[in-house]
1. Inside region 22-63, can you point out the residues that are in a loop (DSSP other than H, G, I, E, B) and either basic (K, R) or at pLDDT below 85 (or both)?
2. So which residues in region 49-81 are on the phi < 0 side of the Ramachandran plot and of a type in the set (G, A, S)?
Amino acid sequence: MARAEEHIQALLSLPVEDRVHAAKLLLDSLDDEAADAEAEAARAGELTRRARALADGTAQLVDAGEVRRRIAARLRYVRGQ
């Protein structure tokens, strides 16, 4: 732990941008492979569900132009325009 404290003190003396970068690197190093595997399994399950909905005709398809119109309307609403 003493070494960690020494490193932390050295990092705290760096400019903010460097500390942010160091913090991001440390947080990224904590990514749990099990969580990644769980997320991948959930993503695969969702893709399978959507593919089945397309195949059996139960998916509600929306024209790309309509999607763009809805997004533009939502953005106008959020921006108060």
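The values are calculated or read from the model by the stated rules, or taken from the named source; none is laboratory data. Predicted model only: the values in this text are computed from it and were never measured.
1. Initial filter on region 22-63 (in a loop (DSSP other than H, G, I, E, B)): 30-32, 57-63.
Answer for region 22-63, where residues must be in a loop (DSSP other than H, G, I, E, B) and either basic (K, R) or at pLDDT below 85 (or both): L30, D31, D32.
2. Filtering region 49-81 down to residues on the phi < 0 side of the Ramachandran plot leaves 49-56, 58-79, 81.
Listed by number, the residues that qualify are A51, A53, A55, A59, A64, G65, A72, A73.
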